[in-house]
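Here is the structure we will look at, set down as structure tokens.
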Number of protein chains: 2
Amino acid sequence: MSEEGQLAAAAGTDRSTGTFEDARARLELSLMTEPGDPRLAAVVEAIGAVQTRHVVLEGHCALGDAGQRWRARLREHAIGRAEQLLERHPISTSGAERSALRWVCPGTAEWAVQLEDLGHVEPLQRLAGSPLGLWARGPLHLAAVADSVAIVGARAATSYGTQVAGDLAAHCARHGFTVVSGAAFGIDAAAHRGALAMDGPTVAVLASGADVAYPRAHCAMLDRIADTGLVLSEVAPGSTPTKMRFLARNRLIAALSSGAVIVEAAHRSGALNTLNWAGRLGRVTMGVPGPVTSSSSAGVHQLLREGGSVLVTRGDEVLEAVGTIGRHTAEVRRGPERMLDLLDNDAQAVLEVLQPRAPWGVATVATRAELSVDEALRTLSGLLVSGLAERSDDGWRLTRSAHEQLRRSRGARDGAPT
Amino acid sequence: MSEEGQLAAAAGTDRSTGTFEDARARLELSLMTEPGDPRLAAVVEAIGAVQTRHVVLEGHCALGDAGQRWRARLREHAIGRAEQLLERHPISTSGAERSALRWVCPGTAEWAVQLEDLGHVEPLQRLAGSPLGLWARGPLHLAAVADSVAIVGARAATSYGTQVAGDLAAHCARHGFTVVSGAAFGIDAAAHRGALAMDGPTVAVLASGADVAYPRAHCAMLDRIADTGLVLSEVAPGSTPTKMRFLARNRLIAALSSGAVIVEAAHRSGALNTLNWAGRLGRVTMGVPGPVTSSSSAGVHQLLREGGSVLVTRGDEVLEAVGTIGRHTAEVRRGPERMLDLLDNDAQAVLEVLQPRAPWGVATVATRAELSVDEALRTLSGLLVSGLAERSDDGWRLTRSAHEQLRRSRGARDGAPT
């Protein structure tokens, strides 16, 4: 029996989220570990946060050595610290607490469900998992961050890069998309500022606490973001950033957004890590080229050479890549029975060929639907977000719900009773 | 019965090339029409040049209205003009005539057989067909232009573009590849000069006569190319360029080379026409990105967004795309029985999955060979040049010869008698 299986047997399967008890347990667990701990994420996924807290406190043998460390840290630090934090900061339940720095959790009205996609991808650099919760500062409703574009890139950006990033962000903001980035020097700051200049919503995801201005020089910009958008963090208020926290933060930028654009990145740039997460999560990945004589564009060119990413040169190309299906998704949610009529031709072609059981690779889907691999990937990503397609390690297939809806819709088209 | 069928029945099927009579007939026919006439190419392909000359002169009814115009032009101009030209210029037979401006034809030792690929693709802008022959000026043996890279781009190039084009050409020349271009202002000239600076062979294909300096300002550069490489033209000595001759010339640049790189091109640039031909001919097509703020790179970015082309940033990436299989091809020609051992892993993977009968699309080949679409396309292009794969409208398949060789090789590997 697996570790999670043993724990589930011991703890029962009550995984109710959205309660005060669950939110407090999640906060305590988040204070017990560093963000992105794949083992903790797996245990919480299996038995829920409240039961995880319980088995950690009782020192369940299935948790092994880590369990002993967790237990000590939970008892000696996390429980007390959580109590202090909850005296000063609210837990977001309805999203009405948006004036304050607040703790937002899965299962509540303000949670951004797309973050859960992180629970379904393999670890990268030993980081994985949907966050236990997020600290949020600013009036934007986290769940409203649905149509969003991550714009990331080099700290040591050129004036070319910052100009392009600012223009792309302004275009996205003007068309109702939220710009997500990391508030770093260079491209990140240019992206936030491009959105702010349009009075558009923008989200900064930090590796420090959501109340800590990092870098210090961006204090005023972060306050401005917190006035109109959101400053988010997986680590507690007051925390300082570390290398691992930056890497863990990158996965959140990728998971929050519908697609990620990289503007300038040297070889081995940290921004490529964000794009890597975006690709693994089925998000559209995009790169803005630059002069081949500029080392600041070398990482972007490498990404584009590897295939699977879209070369973009203008804001409308970014929105074309991420936008179409996002828009349709909104329609689909309102009236699932009219789904097929609302999808564009590419999405219909992919749904026609996807199977409910046998998973297929992107290239196979592309061939059968007569699309390019990029088009197929973009479409599948949209169908994933819409809950119509799902991805396993072996490839893509229809969700049960999509299969049912297609069956009904085909019946209706053929004049058969539904 | 088709027009060509009627003509073949009337004329017999003697299509012997490599004779003086054939070369003179080809020259006369070339003087009778503009280059790239798809109807004439089809007739010559069907019944040979000597018989075509014959049926044109006798005014065969299957040639229709065009036949009357051809007949008048052949009798009143082309035959006499050919005689004048042949008094002053030799026909290349063994390639020993390389000191002079000469007429090079299919079926002779100096002919570049890859030009024949033009006989197997659909017309573009009403131009098509393998050239009847080429005027050549310079010491380079035309048949030796096998490992070659076309480098083309904007006339109105920026200093960025000319620098990159020169660097790429120098790299290709240094590694034994011939640089093919069109001698125009901007990128073309930078490419030729990059090769010349390395004392590397370079080929200029002109829309004017091979003895006409066009543009005039490039007179010295063209003489320099003719001192070490080749100046080629499909039109007679003394001819001036026209718009259609430029378009017809582009197909020759594409067909001569193993792959084509575009460095800077505005939207709707003529250089994109060359890349279009290259793609249709199964050559590797490559683009060098630039700043998205530069209109001189907009056409390149559009090409790269369309898929099927490789983004390249350095000379070694160009040679990686065109080079590997070209090198192996040379080996293969020496010892076909060792073919499989000499091919790289990608080529072996593609040969393993290609079928002798059922043609497959690139995406299917990519999936089955577990390659990216770009890798598969690059590999297939190489196999095409090697005569191991062939392409029809329905997709790619093994050639009969490759199928035979694979069968023998598998027999040998399994220990069976061959």
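The other copies place their A:Asp344 label points at 3.5 nm from this one, listed shortest first, where each point is 7 Å from Cα along Cα→Cβ. Over all orientations, the protein assembly as shown has a Cα convex hull whose mean projected area works out to 43.1 square nanometres. Compute the orientation-averaged projected area for region B:134-321 from the convex hull of its Cα atoms and round it to one decimal in nm². Result: a mean projected hull area of 9.0 nm². Model label points for B:Arg268 and B:Arg314, set 7 angstrom from Cα along the Cα-to-Cβ axis, are 3.8 nm apart. Chain B has one residue whose beta-carbon comes closest to the axis relating it to chain A; that residue and its distance in whole Å are B:Pro289, 2. Sorted shortest first, the distances from the B:Met244 label point to those of the same residue in the other copies are 7.3 nm; each point sits 7 Å from Cα along Cα-to-Cβ. Applying the criteria of a DSSP loop state and at most 13 other Cβ atoms within 10 Å to the trypsin sites (Lys or Arg not before Pro) of region A:228-272 yields A:Arg268. The GNM of chain B, with springs linking C-alpha atoms under 10 angstrom apart, assigns the highest mean-square fluctuation among B:Leu86, B:Leu196, B:Leu388 to B:Leu86.
For the pair B:Ala66 and B:Arg88, the difference between a 0.36 nm per residue extended length and the Cα-Cα distance amounts to 4.9 nm. Between A:Glu116 and B:His175, the modelled labels are 5.0 nm apart [label points 7 Å from Cα along Cα→Cβ]. Per-residue shielding of A:280-292, expressed as the average number of other chain Cβ atoms within 10 Å of the residue Cβ, stands at 4.
For chain A, a Gaussian network of Cα nodes joined below 10 Å ranks A:Arg26, A:Arg407, A:Arg378 by mean-square fluctuation, and the top entry is A:Arg407. Couplings 3J(HN,Hα) of region B:349-354, computed from phi: 4, 5, 5, 4, 9, 5 Hz, in residue order, whole Hz [Karplus 6.51 cos²θ - 1.76 cosθ + 1.60, θ = phi - 60°; x for Gly and Pro]. Here region B:125-142 and region A:132-188 have alpha carbon centers that stand 54 Å from each other.
Using the average count of surrounding beta-carbon atoms within 10 Å as a protection proxy, the listed peptides B:176-184, B:232-240, A:122-130, A:109-117 rank, highest first, as B:176-184, B:232-240, A:109-117, A:122-130. For the peptide B:157-165, the mean number of other protein chain Cβ atoms found within 10 angstrom of a residue's Cβ is 1.
Only DSSP H runs of four or more residues enter the estimate; each adds -39500 (n - 2.57), and after division by the residues of the protein assembly as shown the mean residue ellipticity at 222 nm equals -14500 deg cm²/dmol. Cβ under 13 Å from A:Glu28's Cβ, A:Glu28 left aside: what net charge do those residues give with Lys, Arg +1 and Asp, Glu -1? Charge balance in the 13 Å sphere: +3. Relative to a virtual label point 7 Å from the Cα of B:Arg305 in the Cα→beta-carbon direction, which members of region B:248-281 show backbone nitrogen distances below 19 Å? Residues B:262-273, B:275-276 qualify, since their backbone N sits under 19 Å from the label point.
Could you please tell me the mean projected area of the C-alpha convex hull for region A:205-307, averaged over all directions and given in square nanometres to one decimal? Computed as one quarter of the Cα hull surface, the answer is 7.2 nm². Counting Lys +1, Arg +1, Asp -1, Glu -1, what net charge surrounds A:Thr399 among other residues with beta carbon under 12 Å of its beta carbon? Residues close to A:Thr399 contribute a combined charge of +2.
Electrostatic tally near A:Ser372: other residues with Cβ closer than 14 Å to its Cβ, Lys and Arg +1, Asp and Glu -1, net -4.
All Cα-Cα separations within chain B were binned at 20 Å from zero, giving a P(r) of 27, 56, 17, 0, each value a whole percent of the pairs.
Residues whose amide H comes within less than 5 Å of that of B:Val180, counting only those at least five positions distant or on another chain, are B:Val149, B:Ala150, B:Ile151, B:Val203 (H built at 1.01 Å from N in the peptide plane). Taking B:Val288, B:Val43, B:Val203 as the candidate residues, the one with maximal mean-square fluctuation in a Gaussian network model of chain B, Cα springs under 10 Å, is B:Val43. Taking θ as phi - 60° and the Karplus parameters 6.51, -1.76 and 1.60, the scalar couplings of region B:59-72 work out to x, 4, 5, 5, 7, x, 4, 4, x, 5, 5, 4, 4, 4 Hz in sequence order, x denoting glycine and proline.
Both radii come from the Cα set of region B:66-201: Rg as radius of gyration, Rh as Kirkwood radius; their ratio Rg/Rh reads 1.05.
Each copy carries a label point for A:Asp199 at 7 Å from Cα along the beta-carbon vector; from one copy to the others these points are 7.0 nm apart, nearest first. What the phi angles of region B:139-153 give under the Karplus curve with 6.51, -1.76 and 1.60, with θ = phi - 60°, is a coupling list of x, 5, 6, 4, 5, 7, 7, 9, 7, 9, 10, 7, 10, 9, x Hz, glycine and proline written as x. Projected label points at A:Phe185 and A:Ser372, each 7 Å from Cα along the beta carbon direction, are separated by 3.7 nanometres.
Coordinate-derived values only; no laboratory data. Not measured: the values here are computed from a predicted model. As a convention, Cβ positions derive from the backbone with ideal geometry for all residues, glycine included, and neighbour counts pool all protein chains shown.
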